1. Among Ile64, Ile39, Ile44, Ile78, which is the only one that is in contact (Cβ under 8 Å) with a residue 40 or more places away in the chain and either assigned to a helix (DSSP H, G or I) or within 15 Å of the chain's Cα centre (by Cα) (or both)?
2. Taking only the range 1-19 into account, find how many residues are closer than 17 Å to Trp50 by Cβ and assigned to a helix (DSSP H, G or I).
3. Consider Ser38 carefully, then state whether it is surrounded by 10 or more Cβ atoms within 10 Å (Cβ to Cβ) and small (Gly, Ala, Ser).
4. When you go through (1) assigned to a helix (DSSP H, G or I); (2) over 22 Å from Gly80 (Cβ atoms) one by one for Glu52, which number turns out not to apply?
5. Restricting the search to the range 20-35, which residues are part of a helix (DSSP H, G or I), loosely packed, with under 14 Cβ neighbours inside 10 Å and either touching a residue at least 60 places away in the same chain (Cβ under 8 Å) or among the hydrophobic types (A, V, I, L, M, F, W, C) (or both)?
6. Residue check, Ser16 against (1) at pLDDT 95 or above; (2) of a type in the set (Gly, Ala, Ser); (3) within 17 Å of the chain's Cα centre (by Cα), all met but one. Which one?
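The values are calculated or read from the model by the stated rules, or taken from the named source; none is laboratory data. Keep in mind it's a predicted model, so treat the numbers as computed, not measured. For neighbour counting, all protein chains shown are included, and Cβ atoms are generated from backbone atoms with ideal geometry for every residue, glycine included.
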Amino acid sequence: MGILCGILGTGFAASSIIWEIEYWSIIKQTGVYFLIVSIIMLPIAYFAYWMEHSVIGFLMYFGIFVLIFAIVWIVQFIVGRNNVRKMNEKLLQTMGNKNK
């Protein structure tokens, strides 16, 4: 079980590099990241018995995974957008003070 968790953590950490590809759209980054972490997460969840070994069990686990992914993504997006807004406000203030 420890090896599976190690693989999972390593996979999530390594796939986070997707967010550093600046010329990709947020939609492409999200889609590729979701695909990669799903490919890593779902087999590990199956072999670690985190889901029932049936079609219904898989669908329920995948549904919960998608829901949690979406919630975390939305929260991170809102936090990031607010950080950018604050940085832009500070930049405008700084530029305004230099022009006076």
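1. Testing whether each residue is in contact (Cβ under 8 Å) with a residue 40 or more places away in the chain and either assigned to a helix (DSSP H, G or I) or within 15 Å of the chain's Cα centre (by Cα) (or both) leaves just Ile44.
2. So the answer is 10.
3. yes
4. Against the list (1) assigned to a helix (DSSP H, G or I); (2) over 22 Å from Gly80 (Cβ atoms), Glu52 comes up short only on (1).
5. Within the range 20-35, Ile26, Ile27, Leu35 qualify.
6. Here Ser16 meets the rest and fails (1).
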